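In what follows, a single structure is set out as structure tokens and then discussed.
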Amino acid sequence: MSATPPRRVVVTGGAGFVGSWLCEALLDDGASVVCVDNLLTGRQDNVADLLDRPGFEFLQRDICEPLDVPGDVDWVLHLASPASPPHYLAMPIETMRVGSMGTMNALDLAERKAARFVLASTSEVYGDPLLHPQPETYWGNVNPVGPRSVYDESKRFAEALTTAYRTSRGLDTGIVRIFNTYGPRMRLDDGRAIPAFLTQALAGDPITVAGDGSQTRSICFVTDTVAGIRALAAADDAGPVNIGSPYEVSMLELAETVRDLVGTSSEITFVPLPQDDPRVRRPDTARAERLLGWRPVVGPDEGLKRTLEWFRGQLEARRLGHPGG
Ligand code: NAD
């Protein structure tokens with residue numbers, strides 16, 4: 001772990017779901033935070049409570065354009081990118097631009113500031129994995145011309161670019177491979193399984209499960225993911241390091257859990273499985289435990305309950321015509 005905590009951190013994608021929790025945690029630790037976001041998929045509402053806090057700055061900027069931030073910067077944490085399948089499928093070019101040009105601009109900023117750079121990569125670099133659970137040494141199974149490739153390949157390119165800046169320019173870099181993360185501040189229209197199931201169950205609508213629902217994901221509560229990102233930023237290590245929960249659940253089981261939690265009689269219906277949908281997904285977290293002393297602490301019962309409360313609040317705000325909902 002680096003001895004000195006950061007004084008000033010740039011977080012790209014800081015107004016998104018994970019980014020906003022990260023900005024808040026860094027401020028709580030006493031760092032100043034520059035949140036850079038073009039609000040493509042994020043919301044200013046996510047950082048509304050931070051705007052008045054000393055040391056917080058919000059820059060509405062596209063990281064695909066070169067970025068200058070006056071003053072010293074200790075860390076550049078690069079989270080900007082659409083992340084949910086409906087978002088990146090609707091914005092394929094924007095996704096590839098931010099993974100390539102956006103990552104290069106964020107790396108250039110870190111280089112000019114002599115800052116440590118951390119890339120928020122993804123378990124999607126493993127594609128539809130042929131090895132289970134997935135260790136960092138696994139190279140993945142990605143269809144380069146399939147619909148998901150705009151996201152998977154842009155993150156794989158971003159990992160390669162980050163590595164090139166480290167090896168050829170001596171930049172201090174780290175790569176964190178984040179697995180499925182959930183929690184408050186996910187958008188109602190996010191489209192990933194937990195927000196989709198919760199909004200359907202809360203409306204009393206059928207809960208739609210893809211395929212036969214036997215495909216699995218491992219779900220990690222957002223505060224745990226953020227603790228993992230911060231731990232890698234503070235460590236003197238290049239990674240990649242998997243950050244995710246070993247709690248693996250099938251989509252059908254998850255739909256049933258959500259239905260019971262909400263207490264609705266919504267029926268569960270089945271829709272076609274999207275092309276190249278991964279069959280299984282679970283991180284090998286031995287490296288995160290050994291290097292960072294990190295492991296998730298929020299169990300699925302508590303995490304899902306907290307997320308349900310958030311979705312209830314958002315739906316109520318929407319019903320009352322509040323713009324945040
Ligand atoms: P999100 O969509 O809520 O947040 C992404 C943020 O990036 C948004 O605020 C968006 O407006 C911003 N952004 C996109 N393009 C930009 C650009 N060109 N310039 C500036 N800002 C831009 O998604 P999230 O779930 O919070 O994911 C954050 C990061 O973590 C992403 O890089 C994602 O790939 C990674 N990740 C997330 C998960 C997960 O389960 N949430 C899993 C793996 C990896």
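The values are calculated or read from the model by the stated rules, or taken from the named source; none is laboratory data. Since we're looking at a predicted model, the values are computed, not measured. Neighbour counts run over all protein chains shown; Cβ positions are idealised from the backbone, glycine included.
Taken over region 271-325, the residue count meeting the criterion of being modelled with pLDDT of 90 or more and of a type in the set (G, A, S) is 6. If the condition is being over 9 Å from A201 (Cβ atoms) and either in contact with a strand residue (DSSP E or B) (Cβ under 9 Å, 6 or more places away or on another chain) or assigned to a strand (DSSP E or B) (or both), then region 249-270 contributes V249, S250, M251, L252, E253, L254, E256, T257, E267, I268, T269, F270. Restricting attention to region 173-181, does a residue exist that is in contact with a strand residue (DSSP E or B) (Cβ under 9 Å, 6 or more places away or on another chain), basic (K, R), within 16 Å of the ligand (Cβ to nearest atom) and outside any loop (DSSP other than H, G, I, E, B)? The answer is yes, given that some residue of region 173-181 is in contact with a strand residue (DSSP E or B) (Cβ under 9 Å, 6 or more places away or on another chain), basic (K, R), within 16 Å of the ligand (Cβ to nearest atom) and outside any loop (DSSP other than H, G, I, E, B). Restricting attention to region 101-130, the residues that are hydroxyl-bearing (S, T, Y) and in contact with a helix residue (DSSP H, G or I) (Cβ under 6 Å, 6 or more places away or on another chain) add up to 3.
Within region 1-56, the set of residues being farther than 24 Å from R97 by Cβ and within 16 Å of the ligand (Cβ to nearest atom) comprises W21, E24, A25, L26, V33, D45, A48, D49, L50, L51, F56. Could you tell me which of the residues S168, S154 is more than 22 Å from D284 (Cβ to Cβ), of a type outside the set (F, W, Y) and within 16 Å of the ligand (Cβ to nearest atom)? The unique qualifying residue is S154. Within region 51-74, the set of residues being of a type in the set (A, V, I, L, M) and either within 22 Å of A114 (Cα to Cα) or in contact with a helix residue (DSSP H, G or I) (Cβ under 6 Å, 6 or more places away or on another chain) (or both) comprises L59, I63, L67, V69, V73.
Just one of the listed residues (L77, L107) is over 16 Å from the mean Cα position of the chain (by Cα), within 16 Å of the ligand (Cβ to nearest atom), of a type outside the set (G, A, S) and under 23 Å from L27 (Cα atoms), namely L107. If the condition is being more than 25 Å from G13 (Cα to Cα) and either in contact with a Pro (Cβ under 6 Å, 6 or more places away or on another chain) or not in a loop (DSSP other than H, G, I, E, B) (or both), then region 134-168 contributes Q134, N141, T167, S168.
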